[in-house]
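The values are calculated or read from the model by the stated rules, or taken from the named source; none is laboratory data. Note that this is a predicted model, so its numbers are computed, not measured. Here the Cβ is made from the backbone with ideal geometry for all residues, glycine too, and neighbour counts use every protein chain on show. Heads up: the accessible areas ignore ligands, DNA and RNA and are worked out on the full protein's heavy atoms, side chains in. Shrake-Rupley method; radii C 1.70, N 1.55, O 1.52, S 1.80 Å.
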Amino acid sequence: MSLTRKAYRAAILHSIGDPADVGIDASYEYFADGLLVVEDGKISAVGHAEALLPTLPGDLIIEQYTDALITPGFIDTHIHLPQTGMIGSYGEQLLDWLNTYTFPFESQFADKAHADEVADIFIKELLRNGTTTALVFGSVHPESVNAFFEAAEKLDLRMIAGKVMMDRNAPDYLVDTAQSSYTDSKALIERWHGKGRLHYAVTPRFAPTSTPEQLTVAGQLLAEYPDVYMQTHISENLKEIEWVKALFPERKGYLDVYDHYQLLGERSVFAHGVHLCDAECARLAETGSAVSFCPTSNFFLGSGLFNLPMAEKHKLNVGLGTDVGGGTSFSLLQTLNEAYKVMQLQGARLSPFKSLYLATLGGARALRLEDKVGSLQAGSDADFLVLDYNATPLLSYRIKQSKSIEETLFVLTTLGDDRTVQATYAAGAKVHQR
Ligand code: GUN
Ligand code: ZN
């Protein structure tokens, strides 16, 4: 078998641990003049160019990027494909926002042609922003997930998605039933899960829109297919939490509803968790579940401030999510900009290296994919980015003042956005060039 081998020379930075566990200095590797070697879609080596070059064949093709930083591709642990066209919808908090904008908007995805069109826009937007892996909500219609996976498969992307399950408390035109959601989800799992780099996520929207019967079949699907994911929302908004208590009075709290239906586990990702209590964080951590921290959405929908220090105290896996269209940007750099402010408002800090971790390796760990994505370690999928220090005049000027990679990284997460992403590579192929 002939190998396709290519190398990329630039400054290179990646996370190798959570700063909360290993300390900041041991949490990353940085090569000011680095080399990333890619063979057949996987990373075969990363290190100092000077050390690696003598070990490689003289005719190796090397692509050099100056004034640029190579990082792993970003990982978005929570986003809604069918909300792409309603991002930035005015004036409401969660429950009214769902009824006023979201549900009517998502109804369009019964039409496969429409789903195909949006899936194409959505994937281009992910890649423009440097997101190479995402955990994606479709709509209630299987068409939305088929459209997404068909488009992702063409580019050989590592993506996870699922059809929303919702059989109550939503308009008649948008609900399924416990039985149809089981049958449709099962068919999608059989068709897509494990195909290329694609994975399926069982996707009950949130407790209020599923009957106990539907939550039961969601648990049943996870039992039948132990390596599929589960994604849902939790404790995002105070009125939502009160509603869950009224709908499930027999349960101890919001998380206990999901726990009762056996939806917690190592491949379960709960979006938001803004108002989780200590005991709920402990239970999430104990079951290996993860939370997706969605700061732009939590600000935009007025939901509240996620307590990252509490999650860290419990060693809970946390990834970063854009939550588009409740969130206001596809960019994980912009999402980190807001994450920093969430911490500031709580009198806490978000170090630049913790930010890098959240957008890459932390997301990979939340998704149990850390042996495949999230870092540039040898053996990983070659999903990586080239971030351009000269993307805008202000970024360029500001980075010229920087005295360390830490400062440069912080400025990238403060001023950076889609313009900063010069190129995006997935499985070694360039899938976006600015
Ligand atoms: N809770 C239930 N559905 C949704 C949704 O679509 N977006 C957000 N942000 N929260 C939800
Ligand atoms: Zn969401």
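Assorted remarks:
- Global form of the range 89-235, assessed from the alpha-carbon gyration tensor, a/c cut-off 1.5: oblate
- Whole-Hz ³J(HN,Hα) from phi, Karplus 6.51 cos²θ - 1.76 cosθ + 1.60, for the range 333-341, glycine and proline x: 5, 5, 5, 5, 4, 6, 4, 4, 6
- Distances between placed amide hydrogens fall under 5 Å for Gly47 paired with Leu35, all partners being 5 or more residues away or on another chain.
- Per residue accessible area of the range 1-160, 1.4 Å probe, in Å²: 40 Å²
- Amide proton proximity set for Ala423, modelled H, under 5 Å, gap of 5+: Val386, Arg434
- Solvent-accessible area assigned to carbon and sulfur over the range 95-178 amounts to 52 percent, based on a 1.4 Å probe.
- Estimated vicinal HN-Hα couplings, Hz - the range 209-218 in sequence order (Karplus 6.51, -1.76, 1.60; Gly, Pro = x): 9, 10, 6, x, 4, 6, 5, 4, 6, 4
- The range 309-434, accessible area per residue, ligands and nucleic acids excluded (1.4 Å, Å²): 35 Å²
- The range 367-434 - percent of accessible surface contributed by carbon and sulfur, probe 1.4 Å: 52 percent
- Among the chymotrypsin sites (Phe, Trp or Tyr not before Pro) in the range 77-171, those located in a DSSP loop and surrounded by at most 16 other Cβ atoms within 10 Å of their own Cβ are Tyr90.
- Computed from backbone phi with θ = phi - 60° and the Karplus coefficients 6.51, -1.76 and 1.60, the 3J(HN,Hα) list for the range 362-377 is x, x, 4, 5, 4, 9, 6, 10, 5, 7, 10, 9, x, 8, 10, 5 Hz; x is used for glycine and proline.
- Exceeding the 32 Å Cα-Cα cut-off - candidates Lys6/Lys354; Lys186/Lys354; Lys315/Lys372; Lys400/Lys430; Lys239/Lys315; Lys195/Lys245: Lys186/Lys354; Lys195/Lys245
- Helix 238-247 and the longest principal axis of the C-alpha atoms of the chain enclose an angle of approximately 40°.
- The charge dipole of the range 204-285, taken about its Cα centre with unit charges on the Cβ of Lys, Arg, Asp and Glu (plus for the first two, minus for the last two), comes to roughly 140 debye.
- Distance between the modelled labels on Leu394 and Arg349, one decimal in nanometres: 2.5 nm (7 Å Cα→Cβ projection).
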